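Right, one structure below, let's go through it.
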Amino acid sequence: MKRIVILLEKKTLIYALFGIYAAVVLRMTVLRPNLLPLHLFQGGYIDLLPIEYYGYWIKLNLTNFLIREVAGNIVGFLPLGGFLAWQNPKRPLWRVTLTGLCCSACIETAQYVLGVGTLCSGDLLTNTLGTLLGGALLRRMQAELP
């Protein structure tokens with residue numbers, strides 16, 4: 001009985017932490033300070049060529065910014081992949097990754113529609129990679145632990 005209570009407490013804690021993570025991601029990506037009623041449905045920017053987007057930052061000699069942007073996107077979606085893989089251990093990794101792609105697409109679309117950011121295919125790629133790595137890392141850790 002005590003073991004069941006501890007497991008339920010762990011699950012509740014993990015769900016609570018994931019809720020905080022989701023709120024932070026939304027705050028950083030969509031619910032920004034520059035979200036004003038006059039920007040709504042004005043449309044942001046669309047960048048479908050990540051090479052062009054990344055090339056722009058390299059041309060401006062902002063390579064460090066670009067590295068932080070790419071690494072931040074990957075690291076930012078590691079918890080999503082880990083949570084999805086933990087939530088359903090039988091869920092194939094490709095479905096975890098596809099869910100991450102869908103979440104990223106929703107965020108990018110919201111940024112565009114709300115006029116608070118750029119719908120960037122590079123972000124879709126790096127966020128999806130972060131989800132894949134997070135899911136794979138959790139599965140690897142689960143396999144290693146008794």
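The values are calculated or read from the model by the stated rules, or taken from the named source; none is laboratory data. Computed from a predicted model, the values in this text were never measured in an experiment. No Cβ is skipped: glycine too gets one built from the backbone with ideal geometry, and neighbour counts run over all protein chains shown.
Overview of results
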read-out	value
Single residue of region 116-146 satisfying the filter (in contact with a strand residue (DSSP E or B) (Cβ under 9 Å, 6 or more places away or on another chain) and outside any helix (DSSP H, G or I)) that is farthest from ASP47 (Cα to Cα)	GLY117
Output for region 21-35, where each listed residue is surrounded by 12 or more Cβ atoms within 10 Å (Cβ to Cβ) and modelled with pLDDT under 80	ARG32, LEU35
Tabulated pairs, region 90-112, first more than 22 Å from MET28 (Cα to Cα) and without any contact (Cβ under 8 Å) to a residue 60 or more places away in the chain, second surrounded by fewer than 18 Cβ atoms within 10 Å (Cβ to Cβ) and of a type in the set (A, V, I, L, M, F, W, C), C-beta under 9 angstrom, 6+ apart or interchain	LEU93/ALA136; VAL96/ALA136
Residue in region 122-144 that is without any contact (Cβ under 8 Å) to a residue 12 or more places away in the chain and under 15 Å from the mean Cα position of the chain (by Cα) present	no
Any hit, region 73-86, residues being touching a residue at least 40 places away in the same chain (Cβ under 8 Å), in a helix (DSSP H, G or I), more than 24 Å from ALA16 (Cα to Cα) and not small (Gly, Ala, Ser)	no
Selected residue (criterion: nearest to PRO50 (Cα to Cα)) from residues of region 91-146 that are crowded, with 19+ Cβ neighbours inside 10 Å and acidic (Asp, Glu)	ASP123
Residue selected from region 75-90 under the condition within 11 Å of THR128 (Cα to Cα) and either modelled with pLDDT under 95 or not hydrophobic (A, V, I, L, M, F, W, C) (or both), by the criterion surrounded by the most Cβ atoms within 10 Å (Cβ to Cβ)	GLY81
